[in-house]
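> I am attaching a structure below and will ask some questions about it afterwards.
What follows is calculated from the coordinates using simple rules that are stated; it is not laboratory data. Predicted model, so just to flag it, every value in this text is computed and none were measured. All Cβ positions, glycine included, derive from the backbone under ideal geometry; neighbour counts span all protein chains shown.
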Amino acid sequence: KDSNFIVLVVDDETFNQVVLEQCLRRHDLAVDFACNGQAALKSLQTCEYDVIIVDYDMPGLSGPQLIRLIRQQESEAPDLRSKPPAYILGHTAFGEPERKEMLTSGANDILSKPTSLKEIDTIFRKIRSKP
C-alpha cells in the first residue's frame with residue numbers, strides 16, 4: 001500500500017465520493033473526503049495531499065474558486081510543504097468552458113464525469129511516473 005500517497009476528494013455529492021473511492025482504492029491510495037470547499041481548506045491545514053480531486057459545481061466555493069485558493073496558499077507559503085505542490089484534478093460533467101476555467105484556475109488535469117476506471121488508471125499512472 002502506497003500510504004504516503006494521499007488523495008483528497010472534494011465533492012458535495014455522496015454518490016460521486018463513493019464512485020471515486022472505489023476507483024482510487026483499487027490503486028491502494030489513502031483517500032480523504034471533504035463535502036465542500038471550506039471543509040477542504042480545513043483538511044489542507046492538517047494534511048499534505050499529493051492529489052486533490054475538485055468537483056466543479058459545489059455550494060459555497062465553486063471548484064475553480066477553491067483551486068485558486070489552494071494555489072494561492074501554496075505560493076504564499078511554499079516552505080510549509082514537505083511535498084511538491086498538490087496535483088489538482090478538476091472533476092466535471094460540463095463542457096469545454098468549465099474544463100478550461102478549472103485549468104486556468106490552476107488544475108493540472110481534468111477528470112470527466114462519469115469517471116471510468118480506465119480514466120483513473122491512466123491519470124494515476126501519469127501522476128505516479130512524475131519525478
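> Might you report the magnitude of the Cβ-based charge dipole of the chain about its Cα centre, with Lys and Arg at +1 and Asp and Glu at -1, to the nearest 20 debye?
420 debye
> Calculated from DSSP H runs of 4 or more alone, at -39500 (n - 2.57) each and per residue, what is the 222 nm mean residue ellipticity of the chain, nearest 500? Let's see the in-between values first.
Values: 5 runs with 58 residues, N = 131.
Mean residue ellipticity at 222 nm (helix-derived): -13500 deg cm²/dmol.
> Let me ask another. Based only on Cα atoms, what mean projected area does the convex hull of the chain have, in nm²? Walk me through the numbers before you get to the answer.
Values: hull surface 29.6 nm².
Taking a quarter of the hull surface, the average projection is 7.4 nm².
> Karplus couplings for the stretch 29-40 from phi (6.51 cos²θ - 1.76 cosθ + 1.60, θ = phi - 60°), rounded to Hz, Gly and Pro as x?
Computed from phi, the couplings for the stretch 29-40 are 9, 6, 10, 10, 10, 9, 8, 6, x, 4, 5, 5 Hz.
> Here's a follow-up. Mind telling me which of Glu76, Glu21, Glu101 comes out most flexible in a GNM of the chain, alpha-carbon contacts under 10 Å?
Result for the chain, Cα springs under 10 Å: Glu76 fluctuates most.
> Can you list the residues, at least 5 places off or on another chain, whose amide H is less than 5 Å from the amide H of Met58, using H built in the peptide plane?
The list, which skips near neighbours in sequence, is Gly63.
> A follow-up question, please. Tabulate in residue order the Karplus-calculated ³J(HN,Hα) for the stretch 98-112, using 6.51 cos²θ - 1.76 cosθ + 1.60 with θ = phi - 60°, rounded to whole Hz; enter x for Gly and Pro.
Each residue's phi maps through the Karplus curve to give 5, 4, 4, 4, 5, 5, 5, 6, x, 5, 7, 7, 10, 9, 8 Hz.
> Kindly write out, for the stretch 65-79 in residue order, the coupling ³J(HN,Hα) from the Karplus curve 6.51 cos²θ - 1.76 cosθ + 1.60 (θ = phi - 60°), rounded to whole Hz, with x marking Gly and Pro.
5, 4, 4, 4, 5, 4, 5, 5, 4, 4, 6, 6, 9, x, 6
> For Phe5, which sequence-distant residues (separation of 5 or more, or a different chain) have an amide H within less than 5 Å of its own amide H, given hydrogens modelled in the peptide plane?
Ala30
> For a quick check: with amide H placed at 1.01 Å from N, whose amide H comes under 5 Å from Tyr87's, ignoring anything fewer than 5 positions away on the same chain?
Under 5 Å from the amide H of Tyr87: Val51, Ile52.
> OK, next. Of Asp79, Asp12, Asp28, which is the most mobile in a GNM of the chain whose springs link Cα atoms less than 10 angstrom apart?
Among Asp79, Asp12, Asp28, the largest mean-square fluctuation in the Gaussian network model of the chain belongs to Asp79.
> With a ≥ b ≥ c taken as the square roots of the eigenvalues of the C-alpha gyration tensor of the stretch 66-131, please select rounded if a/c is under 1.5 and otherwise prolate if a/b is larger than b/c or oblate if it is not?
It comes out oblate by the Cα gyration axes.
> On to the next question. Can you tell me the FRET efficiency between Asp12 and Ala77 if r is taken as the Cβ-Cβ distance and R0 is 25 Å, rounded to the nearest 0.05?
Computed FRET efficiency for Asp12 and Ala77 comes out at 0.35.
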